[in-house]
Amino acid sequence: MPLQIRHPGESRDPAPYNHALTSTATTKLRSVAIIGGGPAGLMAAEAARSAGAEVNLYDRLGSVGRKFLIAGKGGLNLTHSEDFDAFVERYGAHRQDVARWLGDFDANAVRAWARALGTETFVGTSGRVFPMDLKAAPLLRAWLRRLRANGVHFHMRHRWLGWDDAGALRFAHDDGERNVRADAVVLALGGASWPVLGSDGAWVPVLRSREVGVEPLAPSNCGFDVGWSEHFASRHAGEPVKPVVIEWDHANGSTIRRQGEFVVTASGVEGSLIYALSAQLRDAIAAHGSTQIRLDLSPGRDVERLARELSLPRERRSLSEHLRRRAGIDGVKSALLREVLDRTELENPSRVAAMVKALPLTLVRPRPIEEAISSAGGVRFDALDEALMLKQVPSVFCAGEMIDWEAPTGGYLLTACFASGRAAGVAAAAWALRE
Ligand SMILES: Cc1cc2nc3c(=O)[nH]c(=O)nc-3n(C[C@H](O)[C@H](O)[C@H](O)COP(=O)(O)OP(=O)(O)OC[C@H]3O[C@@H](n4cnc5c(N)ncnc54)[C@H](O)[C@@H]3O)c2cc1C
């Protein structure tokens, strides 16, 4: 079926539950419970409150937005400046589903939203969009001030456990269990990466017990284990490899080739270049047990030139010095060659030249989800209706990373969390306020 993506501003059918929204909103408040105070839940709270619902937001931790704040440590990449069609391509197999939310809240909307909260943004050289001050805390503070001023009620240290027999929400609180009723609910519980920041994936069995289809949570934007020698790991863990090109052969016969940088870890590799390929690498390991990448350690030189230069007499120079002078290879790049080639191969200029241009590394497993930047898997799209309501649990909507989509880093994660939060908040308010 051809892909049909609605662009920002194009109209679509009205949300299924939006009848009676305005008339009831003015006469009686109906309640929406938002569970999870990450970017998706906070945006859902804002949208539901703007639509006229009473909004109560619950979170298991003592404060909201912890992962958002950590994202600020890396400069807070809020969104990306590329055009809409290129932007939605980043959501891979689920781009059509994600584009539905992005049609109403795209990268420009994210920038306008930040500006309204006093945070101007800029486009970096890579096209990524950041706050001028590269910080998350001032933006989050201003957002929470506005949400409180608009009447959103916050309930911290409330861990959602599921529903009781009468259909009320069950929360574990410091002083025991609390049961809460709401006319509509938005679950924005996140995935399972960095659980110390709140999202631990404990909701998966709860929703499965209600027969909601949930794909297993898996690491996304993650590192991989290689299994370095003790000698290499102890000397080079933490060092960046740059510039470097990674080549990877897809099972469909195509070869992906990307330039950038990655970091050597104690057990393998991580960093932006690895994250960009991590979904395909993870899936290939799941299918075949391991997968091989090739490193081009000298992207600017061709193999013939390298072989020629390396064949020149070494005289009394060490091999390391020869590699540095003739091929521009030193430090961690030189160590990578030694990690893969034995002593005899290292003395063979054409073999070394070939390996500088295509050093094979076998990735044996992704790092655990707890260490990943984000999660893949989650609530299946076919378990949700168009308005993000669970088909098996009417009146309960989902938003954010807990839904089964994934995207590379580059601002695509936060943008989809904001956009889905907004969509779920609007729809939950419409459901709560319907006649
Ligand atoms: C180190 C790091 C850097 C990142 N940098 C960026 C970046 O620069 N740009 C970008 O686009 N993305 C970035 N991300 C990803 C981005 O932060 C997440 O995709 C985003 O926070 C997910 O939002 P969410 O609202 O769906 O879930 P979360 O932010 O995980 O929020 C979920 C909330 O639900 C609460 N919760 C969970 N279970 C329960 C329960 N049972 N009861 C009550 N409350 C519960 C949690 O306490 C949490 O507050 C980064 C992630 C990490 C880890």
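The values are calculated or read from the model by the stated rules, or taken from the named source; none is laboratory data. This is a predicted model, so every value here is computed, not measured. Counting neighbours? That spans all protein chains shown, and the Cβs are built from the backbone with ideal geometry, glycine included. In case anyone asks, the SASA skips ligands and DNA or RNA and just uses the protein heavy atoms, side chains included. Shrake-Rupley method; radii C 1.70, N 1.55, O 1.52, S 1.80 Å.
Reported count of residues in region 369-428, each being assigned to a loop (DSSP other than H, G, I, E, B) and either within 19 Å of residue 34 (Cβ to Cβ) or within 14 Å of the ligand (Cβ to nearest atom) (or both), is 17. Elements of the type strands (runs of 3 or more DSSP E) sitting completely within region 106-177 and holding at least 2 residues that are of a type outside the set (A, V, I, L, M, F, W, C): these cover 128-131, 153-155, 159-163, 169-173.
Based on this model, can you work out whether residue 65 counts as within 14 Å of the ligand (Cβ to nearest atom) and in contact (Cβ under 8 Å) with a residue 24 or more places away in the chain? Yes; evaluated as a whole, the condition is true for this residue. Among the residues here, residue 159 qualifies as closer than 30 Å to residue 178 by Cβ and among the basic types (Lys, Arg). Checked against (1) in contact (Cβ under 8 Å) with a residue 60 or more places away in the chain; (2) out of contact with any helix residue (DSSP H, G or I) (no Cβ under 7 Å at 6 or more places or on another chain); (3) within 30 Å of residue 280 (Cα to Cα); (4) more than 10 Å from the ligand (Cβ to nearest atom), residue 77 meets all criteria but (4).
Flag not set for residue 208, criterion: modelled with pLDDT of 95 or more and farther than 19 Å from residue 378 by Cβ. Screening region 150-174 for residues that are more than 19 Å from residue 201 (Cβ to Cβ) and of a type in the set (Gly, Ala, Ser) and picking the one that is nearest to the ligand (Cβ to nearest atom) gives 168. Name the residue that is farthest from the ligand (Cβ to nearest atom), counting only residues in region 48-62 that are more than 30 Å from residue 272 (Cα to Cα) and assigned to a loop (DSSP other than H, G, I, E, B). In this case the residue turns out to be 52.
For region 63-82, does any single residue satisfy the condition of being open to solvent by 10 Å² or more (accessible area, probe 1.4 Å), within 20 Å of residue 193 (Cβ to Cβ) and hydroxyl-bearing (Ser, Thr, Tyr)? Yes, some residue in region 63-82 is open to solvent by 10 Å² or more (accessible area, probe 1.4 Å), within 20 Å of residue 193 (Cβ to Cβ) and hydroxyl-bearing (Ser, Thr, Tyr). Check whether at least one residue in region 72-81 is among the hydrophobic types (A, V, I, L, M, F, W, C), modelled with pLDDT of 95 or more and over 17 Å from residue 427 (Cα atoms), and report yes or no. Yes, region 72-81 contains a residue that is among the hydrophobic types (A, V, I, L, M, F, W, C), modelled with pLDDT of 95 or more and over 17 Å from residue 427 (Cα atoms).
Checking the structure you have, find out if any residue of region 275-287 is over 21 Å from the mean Cα position of the chain (by Cα), farther than 13 Å from residue 333 by Cα, open to solvent by 50 Å² or more (accessible area, probe 1.4 Å) and in contact (Cβ under 8 Å) with a residue 24 or more places away in the chain. Yes, some residue in region 275-287 is over 21 Å from the mean Cα position of the chain (by Cα), farther than 13 Å from residue 333 by Cα, open to solvent by 50 Å² or more (accessible area, probe 1.4 Å) and in contact (Cβ under 8 Å) with a residue 24 or more places away in the chain. Can you confirm whether residue 256 is at pLDDT 95 or above and crowded, with 20+ Cβ neighbours inside 10 Å? Spelling it out, it is not the case that residue 256 is at pLDDT 95 or above and crowded, with 20+ Cβ neighbours inside 10 Å. Note on region 325-336: residues that are under 15 Å from residue 296 (Cα atoms) and touching a helix residue (DSSP H, G or I) at 6+ places or on another chain (Cβ under 6 Å) amount to 6.
Here the condition is being more than 27 Å from the chain's Cα centre (by Cα) and either of a type in the set (Phe, Trp, Tyr) or modelled with pLDDT under 95 (or both); of 164, 174, it holds for 174 alone. Report, by residue number, each residue of region 197-235 that is part of a strand (DSSP E or B) and closer than 30 Å to residue 336 by Cβ. Scanning region 197-235 gives 218, 219, 220, 224, 225. The set of residues in region 183-226 that are within 26 Å of residue 165 (Cα to Cα) and crowded, with 24+ Cβ neighbours inside 10 Å comprises 184, 185, 186, 187, 188, 189, 190, 199, 203. Of all residues in region 47-62, those satisfying the criterion of being buried (at least 24 other Cβ atoms within 10 Å of the Cβ) and touching a helix residue (DSSP H, G or I) at 6+ places or on another chain (Cβ under 7 Å) are 47, 48, 53, 55, 57.
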